Amino acid sequence: GIEFIDSYFFNKVEDIRFNSTVGRYVGYTEHGVKNAEAWNSDAGILGQEQAELERVCKHNADLHYSAILDKT
């Protein structure tokens, strides 16, 4: 499977991360935890992350798999 991770940093510290395997945001700092709670309750924001997974990861994975299969 494909795992899509979208991390947000503040002052070089990871604040919050969206993980497609979990399907939600996880906060790593006090500020990140508060944002994660807010963003996880917003279907629009979660939908944007899911759309990125489809648009970027799955599209590119298909291209890479095709290239590999062409060589075998």
Could you order ARG17, ARG55, ARG24 by accessible surface area, starting with the largest, using a probe radius of 1.4 Å? ARG55, ARG24, ARG17
Compute the angle between helix 30-40 and the longest alpha-carbon principal axis of the chain, please, reported from 0 to 90 degrees and rounded to the nearest 10. 60 degrees
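Quick one: order PHE10, PHE4, PHE18 from most to least accessible surface, probe 1.4 Å.
Accessible-area ranking of PHE10, PHE4, PHE18, largest first: PHE10, PHE4, PHE18.
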Leaving out ligands, DNA and RNA, and with a 1.4 Å probe, what % of the accessible surface on the chain is carbon or sulfur? 55 percent
In terms of solvent-accessible area of protein heavy atoms at a 1.4 angstrom probe, what is the ranking of ILE2, ILE16, ILE68, highest value first? ILE68, ILE2, ILE16
Taking only Cα atoms, what is the 0 to 90° angle, nearest 10, from helix 59-71's long axis to the longest principal axis of the chain? 30 degrees
Where only protein heavy atoms count, and the probe is 1.4 Å, what is the accessible area per residue for the chain in Å²? 73 Å²
To the nearest 10 degrees, the tilt of helix 43-52 (Cα long axis) against the first principal axis of the alpha carbons of the chain is 30 degrees
Given R₀ = 22 Å, FRET efficiency for GLN48-LEU69 by Cβ-Cβ distance, to 0.05? 0.10
Expressed in nm to one decimal, what extension gain is obtained for the pair ILE5 and ASP62 from 0.36 nm per residue of sequence separation less their Cα-Cα distance? 18.7 nm
Correct option for Rg/Rh (Cα atoms, Kirkwood Rh) [calculated from the coordinates] among (1) 1.17; (2) 1.12; (3) 1.04: (2)
Given unit charges at Cβ for Lys, Arg (+) and Asp, Glu (-), the dipole magnitude of the chain about its Cα centre in debye, nearest 20, is 120 debye
Using a 1.4 Å probe and ignoring any ligands, DNA or RNA, find the accessible area of SER7 and quote it in Å² to the nearest 10. 40 Å²
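The values are calculated or read from the model by the stated rules, or taken from the named source; none is laboratory data. Computed from a predicted model, the values in this text were never measured in an experiment. Note: ideal-geometry Cβ built from the backbone for every residue, glycine included; neighbour counts use all protein chains shown. SASA here: full protein model, heavy atoms, side chains in, ligands and nucleic acids out. Shrake-Rupley method; radii C 1.70, N 1.55, O 1.52, S 1.80 Å.
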